[in-house]
Amino acid sequence: MKANINNMKDKKVLIVGMGKSGIAAAQAMIRLEAEVFIQDSKKEDTIDAQLISFLRGRGVTCYFNQIPPDMAAFDLLIVSPGVSPELPFITEAKEKGAEIIGELEIAYRIGSGNYIAITGTNGKTTTTTLVGEIFKNARRKTYVVGNIGVAVISASIDAGEDDWLVTETSSFQLETTKYFKPVVSAILNLTPDHLNRHHTMKAYGDAKAKVFANQSADGYLVINYDDKGCYKLAAGCKAKVVPFSRKSQLDFGAFLKDDRIVIKGETGEVADICGKEDLKIIGAHNLENVLAAAAIAYFAGIDAETIGRTIAGFGGVEHRIEFAGEIEGVRYYNDSKGTNIDAAVTALKAIEQNIILIAGGDAKGQDFDEFVEHFRGSVKKMILLGRDAHLIQEAADRKGFKDYVFCKDMDDCVRKAYELAEPGDNVLLSPACASWDMYDNFEQRGEHFKNCVSRLEE
């Protein structure tokens, strides 16, 4: 089901949250002649005055640092991904008859285009970016959107019927979907994350599984065969399940054969994509991302030559084990996107040894004992920063890792790493934590790290 675009006219719509997706949703609702309201917990004097003037000039009622007085007044709430749908005023609106959805769902309802939806705990940004490049090289009109930084709705409302929206989808975005139906969905992996929001791994997995909930037999679900907890999510999926594996040769799906990436299709055909040695991005996790991307593109109808050529030319994405420079024989890597333990462990495994690790931030309710267990043989020293750095320190103490120091900010961290490092070492920012205690987002944190490294060369 897709609602007719005119169905938004005169509906009373409350946008909750004035982040990137919230602003885009508000602009779309104005365009569709809804009666628009905005709520945000921030105080008005902390928000861009021009933006507020723009909204109010178009009849938008704004509730800053306050809750609307009558939650029964709204037909629809569009909740930003960072806002929990469990907040009391949102629950109240639902009880009084309002529909609660997110920006991904409303983008699907009012816009056009064919969706590729990629989720998982880690690897989403790399995989989404690579799939977007493959589609563009195949000369398909493509928008790369979603959790990657471009609001879905800002593209979908202008997309044509034959256009493609390659979409990075988080569990936060998926939990508020209802009719969202991609052509190809993908779940890359499943490890503990966002448990402060979802509370249990089951709830977290259920949110991820919503990516394929509305797919039918003509769709495809690409999913990690090697991650058994992830693969179990496919139970009951009505779409064609396409496994990918870096460890096993499969009867169907994407896998390695003689160190080459191959895809075995529905009719038994085998497509040779490229050699493992052709990859520019490092680590076993990136091999999995490439396998997933190849499968997504292949079952979306893109030829093997274009897929292989694009993979071979792909250099990775910012903030994910990004090479940030070499100074006096020491290499610096920006992995600010490593916002959870599993992502950070992945970075440790990719670099392997002689690591001076910068970690810490907003812990999101994680237990760091397992994280520290992966230090053996790889991490020489650890530099800690941020609000929850003490939690990593306590885990390190429990596991017998004592070679750590605390620093007050990123500048201090990078200077300390420079002092501690020897030629052949690798300084790795992979915080295993979110950035929100010190930065607006992980991108800002990563840019600050890179700037600090650049200043070392001055």
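The values are calculated or read from the model by the stated rules, or taken from the named source; none is laboratory data. Here the structure is a predicted model, which means the values were calculated and not measured. Using ideal geometry, Cβ is built from the backbone for each residue, glycine included, and neighbour counts are taken over all protein chains shown.
A few points about this structure:
- Within segment 344-369, considering residues that are charged (D, E, K, R) and out of contact with any helix residue (DSSP H, G or I) (no Cβ under 9 Å at 6 or more places or on another chain), the one nearest to Ile281 (Cα to Cα): Glu352
- Taking the criterion of being part of a helix (DSSP H, G or I) and of a type in the set (Val, Ile, Thr), the residues of segment 151-177 that qualify are Val152, Ile153.
- Of the strands (runs of 3 or more DSSP E) lying entirely inside segment 326-439, those containing at least 2 residues that are within 26 Å of the chain's Cα centre (by Cα) and among the aliphatic types (A, V, I, L, M) are 355-359, 379-384, 426-429.
- Meets criteria (touching a residue at least 12 places away in the same chain (Cβ under 8 Å) and under 19 Å from Ile187 (Cα atoms)) for Asp272: no
- Any hit, segment 30-42, residues being closer than 30 Å to Phe314 by Cβ, touching a Phe, Trp or Tyr at 6+ places or on another chain (Cβ under 8 Å), crowded, with 19+ Cβ neighbours inside 10 Å and of a type outside the set (A, V, I, L, M, F, W, C): no
- Test result for Gly308, modelled with pLDDT of 90 or more, over 20 Å from Ile148 (Cα atoms) and assigned to a loop (DSSP other than H, G, I, E, B): no
- From the list Ile383, Ile307, Ile273, the lone residue that is in contact with a Cys (Cβ under 9 Å, 6 or more places away or on another chain), surrounded by 22 or more Cβ atoms within 10 Å (Cβ to Cβ) and either assigned by TED's automatic domain parsing to the domain that holds Pro182 or not aliphatic (A, V, I, L, M) (or both) is Ile307.
- Pick from segment 182-197, criterion in a loop (DSSP other than H, G, I, E, B) and polar (S, T, N, Q), ranking: modelled with the highest pLDDT: Asn189
- Selected residue (criterion: farthest from Tyr332 (Cα to Cα)) from residues of segment 310-320 that are surrounded by 14 or more Cβ atoms within 10 Å (Cβ to Cβ) and small (Gly, Ala, Ser): Ala312
- With respect to the conditions (1) over 25 Å from the mean Cα position of the chain (by Cα); (2) farther than 23 Å from Ile157 by Cα; (3) of a type in the set (Gly, Ala, Ser), Ser41 falls short on a single one, namely (1).
- Being among the β-branched types (Val, Ile, Thr) and either over 24 Å from Arg320 (Cβ atoms) or out of contact with any Lys or Arg (no Cβ under 8 Å at 6 or more places or on another chain) (or both) is a description that does not apply to Ile273.
- The residues of segment 30-51 that are assigned to a loop (DSSP other than H, G, I, E, B) and not polar (S, T, N, Q), listed by number, are Leu32, Glu33, Ala34, Lys42, Lys43, Ile47, Asp48.
- Look at (1) surrounded by fewer than 24 Cβ atoms within 10 Å (Cβ to Cβ); (2) of a type outside the set (Asp, Glu); (3) closer than 27 Å to Asp425 by Cα and you find that Asn334 fails only one, number (1).
- Positions within segment 11-29 being surrounded by fewer than 17 Cβ atoms within 10 Å (Cβ to Cβ) and assigned to a strand (DSSP E or B), in sequence order: Lys12
- Out of Val330, Val290, one residue alone is touching a strand residue (DSSP E or B) at 6+ places or on another chain (Cβ under 9 Å) and not assigned by TED's automatic domain parsing to the domain that holds Ile148. It is Val330.
- Subset tally (residues that are surrounded by 16 or more Cβ atoms within 10 Å (Cβ to Cβ), more than 19 Å from Thr339 (Cα to Cα) and in contact with a Gly (Cβ under 9 Å, 6 or more places away or on another chain)) for segment 407-429: 2
- Residues in segment 236-259 that are modelled with pLDDT of 95 or more, over 16 Å from His285 (Cα atoms) and not acidic (Asp, Glu): Cys237, Lys238, Ala239, Lys240, Val241, Val242, Gln249, Leu250, Phe252, Gly253, Lys257.
- Those residues of segment 211-229 which are buried (at least 21 other Cβ atoms within 10 Å of the Cβ) and not in a loop (DSSP other than H, G, I, E, B), in sequence order: Val211, Phe212, Tyr220, Leu221, Val222, Ile223, Asn224
- Any strands (runs of 3 or more DSSP E) falling wholly within segment 52-150 and containing at least 2 residues that are surrounded by fewer than 21 Cβ atoms within 10 Å (Cβ to Cβ): 61-64, 99-102
- Only a single criterion out of (1) on the phi > 0 side of the Ramachandran plot; (2) not in a loop (DSSP other than H, G, I, E, B) is not satisfied by Gly446, namely (1).
- Inter-residue pairs, beta-carbon under 7 Å, first under 14 Å from Met382 (Cα atoms) and surrounded by fewer than 19 Cβ atoms within 10 Å (Cβ to Cβ) and in segment 356-372, second at pLDDT 95 or above and of a type in the set (D, E, K, R), 6+ apart: none
- Looking across segment 276-301, the residues that are of a type in the set (Asp, Glu) and buried (at least 16 other Cβ atoms within 10 Å of the Cβ) come down to Asp278, Glu288.
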